[in-house]
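Structure first, then comments.
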Amino acid sequence: MKTYNINIAGVERELEMFPVNDKVDIAAFIMFGDVEVTVKAAEALLKKCPEHDVVVSAEAKGIPLCYEMAKQGCGEYVIARKSVKVYMRNPVGVEVNSITTSEVQRLFLGESDVNFLKGKRVLIVDDVISTGESLAALEKLIEKTEAVVVGKAAVLAEGDAKNRDDIIFLEPLPLFIKD
């Protein structure tokens, strides 16, 4: 098994490698179940992020970070859902293509979340920013709420995302090109 070693907010982790296709492997960063990394990453990111009223992420891998950043910071968070739930009145939605998902995904907010976000300063967070497609979808979704995105943050910036000047991140994560 191939692995990649990384230090995230002072915590050492060994990430398992997986093929995306026949030319590229990724080191899989999974925050689910890793309380230490989640808490430390949230603390480190909050030190770098602008003031905000609410933290927003997409279902599912960004949820632990979103929760922990809200807990340590502003006290409010919203999760964009991948499907419309019965309790979501008048949902608004957008479509997204992601490197880690084979088909088009959709993100939705219900009317209560849309109303809650209206006029708020929003910090978008995710575990990893790679192609930026999920991030762009969240931005489009938040535009529909009349909220203002004041920052975009992730624990890791994968591949060329590390060169972006519009995101805040803790560590770069390389893509592994096969020979």
TYR67 being in contact with a strand residue (DSSP E or B) (Cβ under 8 Å, 6 or more places away or on another chain) and within 17 Å of LYS118 (Cβ to Cβ): no
Residue within region 79-99 that is in a strand (DSSP E or B), touching a residue at least 24 places away in the same chain (Cβ under 8 Å) and open to solvent by 70 Å² or more (accessible area, probe 1.4 Å) present: yes
Hits in region 127-139 (condition: open to solvent by 30 Å² or more (accessible area, probe 1.4 Å) and acidic (Asp, Glu)): GLU133, GLU139
Selected residue (criterion: farthest from VAL54 (Cα to Cα)) from residues of region 106-125 that are in a strand (DSSP E or B) and open to solvent by less than 30 Å² (accessible area, probe 1.4 Å): LEU107
Meets criteria (among the aliphatic types (A, V, I, L, M), over 19 Å from PHE169 (Cβ atoms), surrounded by fewer than 18 Cβ atoms within 10 Å (Cβ to Cβ) and modelled with pLDDT of 90 or more) for MET1: no
Region 31-43, residues that are closer than 18 Å to GLU59 by Cβ and in contact (Cβ under 8 Å) with a residue 40 or more places away in the chain: MET31
Candidate set: region 36-85, residues that are at pLDDT 95 or above and of a type in the set (Asp, Glu); chosen: the one nearest to LYS120 (Cα to Cα): ASP53
Options GLY33, GLY10: the member that is modelled with pLDDT of 95 or more and either among the β-branched types (Val, Ile, Thr) or open to solvent by 20 Å² or more (accessible area, probe 1.4 Å) (or both): GLY10
Any hit, region 13-34, residues being in contact with a Ser or Thr (Cβ under 9 Å, 6 or more places away or on another chain), assigned to a loop (DSSP other than H, G, I, E, B), over 16 Å from ALA154 (Cα atoms) and not aromatic (Phe, Trp, Tyr): yes
Within region 140-179, tally of residues that are part of a helix (DSSP H, G or I) and surrounded by fewer than 17 Cβ atoms within 10 Å (Cβ to Cβ): 5
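Would a scan of region 122-131 turn up a residue that is farther than 23 Å from ALA44 by Cβ and modelled with pLDDT of 95 or more?
No, every residue in region 122-131 fails to be farther than 23 Å from ALA44 by Cβ and modelled with pLDDT of 95 or more.
Here are some residues: VAL128, VAL122, VAL150, VAL114. Which one is among the aliphatic types (A, V, I, L, M) and touching a His at 6+ places or on another chain (Cβ under 6 Å)?
VAL150
The values are calculated or read from the model by the stated rules, or taken from the named source; none is laboratory data. The shown structure was predicted, so the numbers you read here are calculated from the model rather than taken from an experiment. Neighbour counts are summed over all protein chains in view; Cβ atoms, including those assigned to glycine, are modelled from backbone coordinates with ideal geometry. Accessible surface is based on the protein model in full, side chains and every heavy atom, while ligands, DNA and RNA are left aside. Shrake-Rupley method; radii C 1.70, N 1.55, O 1.52, S 1.80 Å.
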